[in-house]
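Have a look at the structure below before the remarks.
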Amino acid sequence: MGTVANRGEGIAEQVGGKIKEGVGKLTGSEQMQAEGEAKEAKGEAREEIAKAGESAKGTGEGLTGGMKDRVGAAIGNEKMQAEGKAKELEGEAREKLNR
């Protein structure tokens, strides 16, 4: 399953947990309320794990792109340098998006 799907499932699980917690409060069911809180926490954890994975992927892309940029500059290959810079920026953007 993809990171985006895991992140979406985490958010959905949080919403479901909030609803279950609210129903538990309304009905006076401490068990349902606790189950809702647990489901919400599980969803938050799933979302954070997905974000961490995407952030790490961005770091890797940024490093790879940066290396390609520098090698391209060193050997005078402008195309390689431009591709590397683009990949480096893409990685930085992915990393920032998932903090």
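Listed values, structure above:
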| item | result |
| --- | --- |
| From the options Lys42, Lys18, Lys57, Lys25, residue that is assigned to a helix (DSSP H, G or I) and either touching a Lys or Arg at 6+ places or on another chain (Cβ under 8 Å) or among the hydroxyl-bearing types (Ser, Thr, Tyr) (or both) | Lys57 |
| Answer residue from region 24-34, given it is out of contact with any helix residue (DSSP H, G or I) (no Cβ under 6 Å at 6 or more places or on another chain) and surrounded by 13 or more Cβ atoms within 10 Å (Cβ to Cβ) and is nearest to Leu97 (Cα to Cα) among those | Ala34 |
| Test for Val71: is it over 28 Å from Arg99 (Cβ atoms) and of a type in the set (Val, Ile, Thr) | yes |
| Qualifying residue in region 71-90 (condition: more than 30 Å from Glu21 (Cβ to Cβ) and outside any helix (DSSP H, G or I)) | yes |
| Set Glu44, Glu88, Glu92: member being out of contact with any His (no Cβ under 9 Å at 6 or more places or on another chain), of a type outside the set (Ser, Thr, Tyr), in contact (Cβ under 8 Å) with a residue 24 or more places away in the chain and buried (at least 18 other Cβ atoms within 10 Å of the Cβ) | Glu88 |
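No value in this document is a laboratory result; all are computed from the given coordinates. As the structure is a prediction and not an experimental result, all values here were calculated from the model. Please note: Cβ atoms are built from the backbone with ideal geometry, for glycine as well, and neighbour counts cover all protein chains shown.
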